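Step one of this worksheet: look at the structure below.
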Amino acid sequence: MIYACLFVAFLLTLTFNAQAQTKKKMSKQAKGAIIGGAGGAVAGGLIGHNVGGALIGGAIGAGGGYIIGNEQRRADEKKRRAAWRRAHPKHHHYTKTTTH
């Protein structure tokens, strides 16, 4: 049973990776959900010793992976915006102006 869970997780990972290479780049949220779901399915299968444990673990892992991927995307976006503001000081709205 454990080997079946591992095999299914491996096949899902290969399927999503093959689709990503033919289309556009996957988002950080999608990558996190896939990795978290596969890891959660394996852990759930090992802990629960049945398919139900693998399904629950996969669902929880996918949700957690999505959240982590989303936080990484937000942090990268924040860094990108800060770099743009440093490079273009006259174009953003946070410039202090003096009135005479």
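Within the range 29-49, the set of residues being farther than 22 Å from Asp76 by Cβ, surrounded by 18 or more Cβ atoms within 10 Å (Cβ to Cβ) and either in contact (Cβ under 8 Å) with a residue 40 or more places away in the chain or in contact with a Ser or Thr (Cβ under 7 Å, 6 or more places away or on another chain) (or both) comprises Ala38, Gly45. Considering (1) within 14 Å of Lys28 (Cβ to Cβ); (2) at pLDDT below 95, say which one Lys79 fails and leave the rest. The failed condition is (2). Just one of (1) polar (S, T, N, Q); (2) surrounded by 10 or more Cβ atoms within 10 Å (Cβ to Cβ); (3) at pLDDT below 90 fails for Gln72. It is (3).
The values are calculated or read from the model by the stated rules, or taken from the named source; none is laboratory data. Everything numeric in this text was worked out from a predicted model, so none of it was measured. Cβ sites come from the backbone with ideal geometry, for glycine too, and all protein chains shown count toward neighbours.
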